[in-house]
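First comes the structure, then the notes that go with it.
The values are calculated or read from the model by the stated rules, or taken from the named source; none is laboratory data. The structure presented is a predicted model; accordingly, all values stated were derived computationally and were not measured. Counting neighbours? That spans all protein chains shown, and the Cβs are built from the backbone with ideal geometry, glycine included.
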Amino acid sequence: MSVKVEVIEGGIPHTKIMIGGLVATIVCLYLSYLNVVTNTGLFSFFGGLAVVAALIWGSNTIKVLCSYGIGTGVPSAGMIAFGSGVIAMLLATKFGIAAPIVALVLAAVIGLILGYLANEVLNMKIPVMIQSLTELAVVGALTLMGFAVLITGSFTFTGLTTGSITLFGMITMPSYQVSFIGGGLVAVAFLLGSIAVQHPFNACLGPGWKQDRMLMLTAECGFLSMIVAAVMSFALISAGAAIISLLIALIGWVYTYCEYIKLSKRDAFAWLDAKPIPDVEGH
Amino acid sequence: MTAVAAKPQSGKIFNPAAMVVGLVLLLILVGVCYVIVPVDSRIMVLMVLIGIIVGGVLIGFGVHFVPVGGAPAAMGQAPGIATGVAMLAAGAGLAGLFGGAWAADQGLLIAVITGGIGGGLMMAVTCMMVNFVYVFGMGIPAASGKVLKDPITGDSQPEYKSQGTEGHGLPFVSFVGGVIGGILGGAGGTLIYIELLGLYKATLPTVMNASADLVLPIAIATAGMFAIGLFLVNAVLTAYNITGTIEGPHDPKFKRWPRSVVASAVASALCGLVAILIVVL
Amino acid sequence: MEQIVFGIGITALAGALATVAGSAEDTESNIGSQGDPNSQVQLAPQMGFVHRIFNKAVAGEPPAYALWCALGAGLAWAFLAMHVNAVLAIILGSLLAVFVQGIYSTTAYLGRTASLAKFGQPVYVDILKSMTTVAMAHAFVAIFCTVTICYLINAALGHPFPLPLLGFIWGIALGAAGSATGNPFYGKERQYQNQKFGAGVPISASGNIVRYAEAGERNSIDNGYFTAKFGGPASGLCFGLIVFLELWRTILFEKVGAGWGAIIVGILIILVFTIIDRYMEVWARKNYGPYTAPAKEA
């Protein structure tokens with residue numbers, strides 16, 4: 001998973017990140033299809049890796065968009081990304097194995113139209129608006145699909161709407177209520193993704209913004225979301241598969257969090273512990 | 001926040017060519033819906049799509065009424081509520097959706113009005129508590145910075161504005177605007193939810209090959225998720241329209257509402273079409 | 001009849017929990033300095049005012065609390081589906097949600113402060129170590145109470161929405177109510193304590209937040225202590241009233257008048273609050289008086 005770790009040089013051009021993120025996400029989503037091939041849930045963790053890849057791409061898009069001073073805060077961009085993404089993703093799941101590609105195309109169309117509306121009808125006239133909103137909608141849809149795979153093991157409509165409940169510890173019955181959509185977990189994934197996609201730029205905002213620090217924070221947010229999503233997946237997939245996802249998420253999170261602290265130490269003016277406010281002249 | 005490149009100043013507010021393109025897009029989307037759906041359920045599905053569009057427009061229009069001051073309001077430098085507009089509107093509208101969803105069994109009209117009242121109630125309590133904090137906690141009377149006299153009560157505003165600020169608190173017209181915004185947002189969100197719920201309850205049993213009672217949770221959860229997603233899209237588009245802050249219906253920025261109505265209509269039609277296609281395709 | 005009495009009991013409990021949740025939410029967001037007042041904490045070093053305030057820039061309060069509460073509710077839902085006891089499920093769900101909240105807070109502080117290196121704002125590791133856990137504790141109270149409200153509404157009162165969706169809705173409402181009520185109090189009264197009481201902050205004073213105060217160099221726990229005196233309870237009252245009145249009018253009146261009863265009661269409640277608000281506005285104008293003499297009609 002070199003895309004997430006090679007963020008050492010600052011200033012990677014956005015197109016490279018976009019292509020890298022898109023390819024990595026789609027590849028990871030299709031690798032999770034091994035679940036169907038092997039008839040287990042053991043490959044669900046690829047969904048979490050798809051989430052991390054998509055979020056890295058998305059956070060850089062938000063950086064490109066919000067550098068233009070759109071007047072509202074950064075979190076709104078995350079909300080509109082996932083608002084349009086969830087709609088595209090839910091329809092795309094009906095297309096079986098082609099679901100990720102359909103989600104990509106459909107979300108791109110929705111994002112394109114929303115971008116046109118924002119730029120021309122609402123007269124915002126920001127150069128990157130249309131492209132950014134298109135990218136954000138795709139990021140939203142693919143991230144949600146990644147969460148769906150992580151939590152349920154599949155990205156098809158049937159997989160997301162069916163689960164089973166165990167009565168008296170023995171009898172299992174199909175239940176639509178214990179499922180990704182029926183149980184409302186799609187709402188949790190929506191929020192996990194939308195906060196995680198806007199947090200890195202929002203948190204590293206300032207004159208000392210550095211791209212590698214932001215992208216490392218994105219990876220950390222992605223793995224953190226993967227941890228809690230893996231805990232939620234215990235209810236829907238087998239314990240073994242969920243434990244694999246949880247372990248991978250924990251290892252990834254600990255690594256990226258430590259790296260992020262190291263990068264913050266590198267960039268900070270001073271790293272003080274229980275020291276008073278330094279005397280700055282004039283104040 | 002420092003901007004890399006400042007937004008170029010646009011001379012006139014409205015872009016007539018784009019508005020026309022938007023309306024054409026709207027008609028195309030409705031037409032696509034009409035064509036794709038099998039003949040016998042055409043009218044029902046078309047009514048659902050119209051309902052979603054109307055709901056989206058209500059949300060988009062209603063958010064213009066909500067008084068939001070942003071960061072300066074948190075320091076008593078600008079009137080309005082010190083929160084982001086999309087999120088405050090979403091809070092009120094979703095509280096309304098909560099009430100409307102509960103009343104879903106009692107028919108469309110009652111559910112939508114209940115949703116509206118729920119949103120209005122939340123905004124009324126919130127706006128009153130905002131003024132409560134300003135008056136009793138900070139000793140600051142409410143004053144608007146954009147008008148000389150409150151349009152509803154006739155109170156004069158300039159001398160109650162503290163020096164160096166643009167106004168503070170919630171003058172009565174802003175309070176009324178907030179309540180109206182909550183009502184419209186709650187009603188719009190509930191309308192979208194009820195329309196989609198009706199559609200899914202009718203069609204999901206055949207699509208998923210199961211009885212109506214079993215798929216009810218799926219119908220409710222999917223309709224609810226779509227309603228929330230559409231709500232956020234419309235609220236953020238309106239936030240872009242008013243560029244973040246607005247004092248209420250008396251603010252000059254309020255005149256920009258036609259742009260938002262067109263944008264919300266097209267966005268809602270598009271997303272509504274996708275929501276409908278889930279059960280049609 | 002029994003059904004209504006049961007419903008009223010649940011409503012009262014939910015109202016009380018909501019008041020606690022609102023109060024804890026506002027205190028937590030002021031300890032972390034989240035939301036719109038945080039723009040001043042960000043601005044201060046750029047104007048030369050270096051400080052020891054926790055700069056928690058995790059979106060605004062509504063979306064952040066929507067996430068914590070929905071996450072808590074989703075995890076509780078997952079534990080409930082695994083047949084864990086309901087109370088334990090809610091506690092575990094809230095615990096994990098608070099863990100996520102704490103991590104987000106620390107990364108926000110580190111990120112923002114590191115990006116302000118140009119202005120000489122140091123990263124204070126002791127602020128990170130002492131404030132984060134206090135904020136997490138308050139957040140746990142807020143999240144736990146909200147998730148419990150959602151569970152009660154879903155399980156005891158029979159609302160059709162699943163638990164995570166309710167967590168989303170009430171989380172965003174909690175954040176909006178707490179943010180609207182508590183932000184001006186923190187922003188004007190505490191951050192700009194050195195400005196004159198009874199007037200807004202003039203634009204010329206932007207960035208000049210209070211950094212040295214009653215107990216030496218001010219830090220965010222002092223702000224939490226201040227919030228708990230007025231802003232916190234006011235926010236609690238706001239959110240508690242919202243939850244209680246919304247549930248109360250539905251439980252008692254939804255069967256009256258084929259659904260119109262609840263609507264009419266809702267309209268009456270809105271009118272009552274409008275009258276209270278107008279009374280407060282007029283009272284303030286009369287008792288505080290204008291800042292300057294009224295402008296003569298030209």
Pick from segment B:149-179, criterion small (Gly, Ala, Ser) and at the interface with chain C (Cβ under 7 Å from one of its Cβ atoms), ranking: surrounded by the fewest Cβ atoms within 10 Å (Cβ to Cβ): B:164
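Report, by residue number, each residue of segment A:243-283 that is within 24 Å of the chain's Cα centre (by Cα) and free of Cβ contacts under 8 Å to residues at least 40 places away in the same chain.
Matches in segment A:243-283: A:243, A:246, A:247, A:250, A:251, A:253, A:254, A:255, A:257, A:258, A:261, A:262.
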Failed condition for residue B:200, given (1) farther than 30 Å from residue C:288 by Cβ; (2) modelled with pLDDT under 90: (2)
Count - residues of segment C:101-111 that are surrounded by 24 or more Cβ atoms within 10 Å (Cβ to Cβ), over 15 Å from residue A:205 (Cα atoms) and within 10 Å of chain A (Cβ to nearest Cβ): 0
Segment B:203-219, residues that are over 22 Å from residue A:86 (Cα atoms) and either assigned to a helix (DSSP H, G or I) or of a type in the set (Phe, Trp, Tyr) (or both): B:205, B:206, B:212, B:213, B:214
Residue match in segment A:140-153 (condition: closer than 20 Å to residue A:77 by Cβ and either surrounded by fewer than 21 Cβ atoms within 10 Å (Cβ to Cβ) or touching a strand residue (DSSP E or B) at 6+ places or on another chain (Cβ under 7 Å) (or both)): no
Breaking point among (1) within 30 Å of residue B:42 (Cβ to Cβ); (2) under 17 Å from the mean Cα position of the chain (by Cα); (3) more than 10 Å from chain A (Cβ to nearest Cβ), for residue B:233: (3)
Some residue of segment C:49-62 being part of a loop (DSSP other than H, G, I, E, B), of a type in the set (A, V, I, L, M), touching a Gly at 6+ places or on another chain (Cβ under 9 Å) and more than 23 Å from residue A:196 (Cβ to Cβ): yes
Tally, over segment B:180-219, of residues that are farther than 23 Å from residue A:76 by Cβ, of a type in the set (Val, Ile, Thr), surrounded by fewer than 24 Cβ atoms within 10 Å (Cβ to Cβ) and away from chain A (no Cβ under 11 Å): 2
Residues (surrounded by fewer than 24 Cβ atoms within 10 Å (Cβ to Cβ), over 19 Å from the mean Cα position of the chain (by Cα) and touching a residue at least 40 places away in the same chain (Cβ under 8 Å)) located in segment C:91-100: C:91
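One line per residue, one yes/no per condition, for (1) away from chain A (no Cβ under 11 Å); (2) without any contact (Cβ under 8 Å) to a residue 60 or more places away in the chain:
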| position | (1), (2) |
| --- | --- |
| C:74 | no, no |
| C:81 | no, yes |
| C:113 | no, yes |
| C:131 | yes, no |
| C:146 | yes, no |
| C:150 | no, no |
| C:184 | yes, yes |
| C:187 | yes, no |
Residue B:222, sole failed condition from (1) assigned to a helix (DSSP H, G or I); (2) closer than 17 Å to residue A:120 by Cα; (3) at the interface with chain A (Cβ under 7 Å from one of its Cβ atoms); (4) of a type in the set (S, T, N, Q): (2)
Count - residues of segment A:202-226 that are over 20 Å from residue C:54 (Cβ atoms) and surrounded by 24 or more Cβ atoms within 10 Å (Cβ to Cβ): 9
Some residue of segment C:81-90 being closer than 17 Å to residue C:170 by Cα and surrounded by 24 or more Cβ atoms within 10 Å (Cβ to Cβ): yes
Residue in segment A:252-259 that is out of contact with any Asp or Glu (no Cβ under 7 Å at 6 or more places or on another chain) and either crowded, with 20+ Cβ neighbours inside 10 Å or farther than 21 Å from residue C:129 by Cα (or both) present: yes
Counted residues, segment C:156-175 - those being within 13 Å of another protein chain (Cβ to nearest Cβ) and not in a loop (DSSP other than H, G, I, E, B): 13
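Here's the yes/no breakdown for (1) surrounded by fewer than 24 Cβ atoms within 10 Å (Cβ to Cβ); (2) at pLDDT 90 or above; (3) not hydrophobic (A, V, I, L, M, F, W, C):
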residue: A:26; (1), (2), (3): yes, yes, no
residue: A:44; (1), (2), (3): no, no, yes
residue: A:50; (1), (2), (3): no, yes, no
residue: A:57; (1), (2), (3): no, yes, no
residue: A:68; (1), (2), (3): yes, no, yes
residue: A:75; (1), (2), (3): no, no, yes
residue: A:78; (1), (2), (3): no, no, yes
residue: A:85; (1), (2), (3): no, yes, yes
Looking only at segment B:68-115, and only at residues there that are without any contact (Cβ under 8 Å) to a residue 24 or more places away in the chain and among the polar types (S, T, N, Q), the one that is farthest from residue C:255 (Cα to Cα): B:83
Total residues in segment A:123-139, condition surrounded by fewer than 24 Cβ atoms within 10 Å (Cβ to Cβ) and of a type outside the set (Ser, Thr, Tyr): 9
So residue C:224, is it at pLDDT 90 or above and within 20 Å of the chain's Cα centre (by Cα): no
Some residue of segment B:83-90 being outside any helix (DSSP H, G or I) and either crowded, with 24+ Cβ neighbours inside 10 Å or within 7 Å of chain C (Cβ to nearest Cβ) (or both): yes
In segment A:219-241, residue nearest to residue C:107 (Cα to Cα) [restricted to those that are away from chain C (no Cβ under 11 Å) and not aliphatic (A, V, I, L, M)]: A:222
Unmet requirement for residue A:102, which otherwise passes all of (1) touching a His at 6+ places or on another chain (Cβ under 6 Å); (2) over 25 Å from residue A:252 (Cβ atoms): (1)
Single residue of segment B:246-270 satisfying the filter (at the interface with chain A (Cβ under 8 Å from one of its Cβ atoms) and among the β-branched types (Val, Ile, Thr)) that is farthest from residue B:175 (Cα to Cα): B:266
Residues satisfying the stated conditions in segment B:123-169, i.e. more than 18 Å from residue B:69 (Cα to Cα) and touching a residue at least 40 places away in the same chain (Cβ under 8 Å): B:151
Cβ pairs under 8 Å, 6+ apart, first in segment A:113-132 and touching a residue at least 12 places away in the same chain (Cβ under 8 Å), second in a loop (DSSP other than H, G, I, E, B) and of a type in the set (Lys, Arg): A:124/B:7; A:126/B:7
Top-ranked residue of segment B:117-148 - restricted to ones that are farther than 18 Å from residue C:240 by Cβ and surrounded by fewer than 24 Cβ atoms within 10 Å (Cβ to Cβ), ranked as modelled with the highest pLDDT: B:135
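Among the residues of segment C:226-248, are any of a type in the set (S, T, N, Q) and assigned by TED's automatic domain parsing to the domain that holds residue C:40? Give the derivation first.
Start the filter on segment C:226-248 by keeping residues that are of a type in the set (S, T, N, Q), which leaves C:227, C:235.
With assigned by TED's automatic domain parsing to the domain that holds residue C:40 added as a condition, the list becomes C:227, C:235.
Yes, that holds for at least one residue.
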